[in-house]
Amino acid sequence: MKKRTAIALAGLVGLTCLAVGTKAYLDYQEEERMREILLQVRAFFAPMGEIATVFVDYTVSDQLQTKGGVIMTDGRFYHFDYLAGELFFEEDTL
């Protein structure tokens, strides 16, 4: 009986380690994807002037579409949607 319990416990520990490792890997992949998107957004808006900040609205973004904004140092503000490698934007007028 002890041997059976030890095997079950070892299996449970192994599955837990696998789940934690998978979660860490998926989080890393998502961070890399987001970093790549932000680099592309910055490269796209750089010719329009100096960028003060770029942000992502995580409340409306998902795996397929990333939404956010770019604030320029001269006060201009752009909303952007990044979808399947394409960037769509519009200037926000205050």
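Some observations on this one:
- CD proxy at 222 nm, helix term only [per DSSP H run n ≥ 4: -39500 (n - 2.57); per residue of the chain; nearest 500]: -17500 deg cm²/dmol
- With the simple model of a label 7 Å out from the Cα in the direction of the Cβ, Thr59 to Ile7 spans 5.3 nm.
- Label selected from (1) -0.34, -0.75; (2) -0.54, -0.77; (3) -0.47, -0.83, the criterion being log10 I(q)/I(0) by the Debye sum over Cα atoms at q = 0.11, 0.18 Å⁻¹ as computed here: (3)
- Spin-label model, Phe77 to Leu26: label points 7 Å out along the Cα-to-beta-carbon direction sit 3.4 nm apart.
Values quoted throughout were computed directly from the atomic coordinates according to the rules given, and no laboratory measurement underlies them. If you're wondering where the values come from, they're calculated on a predicted model, not measured in any experiment. Every residue, glycine among them, receives a Cβ derived from its backbone with ideal geometry; neighbour counts consider all protein chains shown.
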